[in-house]
């Protein structure tokens, strides 16, 4: 009798990385749309973004908490040792499996074309 193997469930985690402060709201919207096919979603923005003050980051942090999106800040000026600061962790939610399957098939097609 063999020993059974327990397989952990697959979890899809997506990130939207945005360095352009003029696109933060658009990036947040895109991160929201990623929840269609992801179990967890993170929005990653540069903490030194021009025009983005502490009040703006706090508002964005509140929105991320409300929608279950993780928020991470990074220092884009330190290319040798980029430091990340997790402000909120993403809440796990079930994706829409129709869209998850659709995008997984798309990825499989791209990978098969490359290799």
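All of the numbers you see were taken from the coordinates with simple rules; none came from a lab. Remember, it's a predicted structure, so these values are computed and weren't measured experimentally. Cβ atoms come from the backbone with ideal geometry, glycine included; neighbour counts cover every protein chain shown.
How far apart, in nanometres, would the label points at residue 47 and residue 20 be if each is projected 7 angstrom from Cα along the Cα-to-Cβ direction?
Roughly 2.5 nm, to one decimal.
Helix 97-114 against the longest principal axis of the chain: what's the angle in degrees, Cα atoms only, rounded to the nearest 10?
Tilt of helix 97-114: around 80 degrees.
So the label point goes 7 Å from the Cα of residue 92 along Cα→C-beta, right? Which residues of region 14-32 then have their backbone N under 16 Å from it?
14
How do the peptides 39-45, 101-107, 20-26, 59-65 rank, highest first, by the average count of neighbouring beta carbon atoms within 10 Å per residue?
The peptides rank, most packed first, as 39-45, 59-65, 20-26, 101-107.
Using a basic spin-label model with each label point 7 Å from the Cα along Cα→Cβ, how many nm lie between residue 82 and residue 61?
2.2 nm
Nearest 10 degrees is fine. How inclined is helix 24-34 to the longest principal axis of the chain, computing both from alpha carbons?
On a 0 to 90 degree scale, this one is about 10.
By how many degrees, 0 to 90 and rounded to 10, does the Cα axis of helix 54-67 deviate from the longest principal axis of the chain?
Result, in degrees: 30.
Rg and Dmax of region 13-114, using alpha carbons, in Å: what are they?
In order Rg, Dmax, the Cα atoms of region 13-114 give 15.0, 46 Å.
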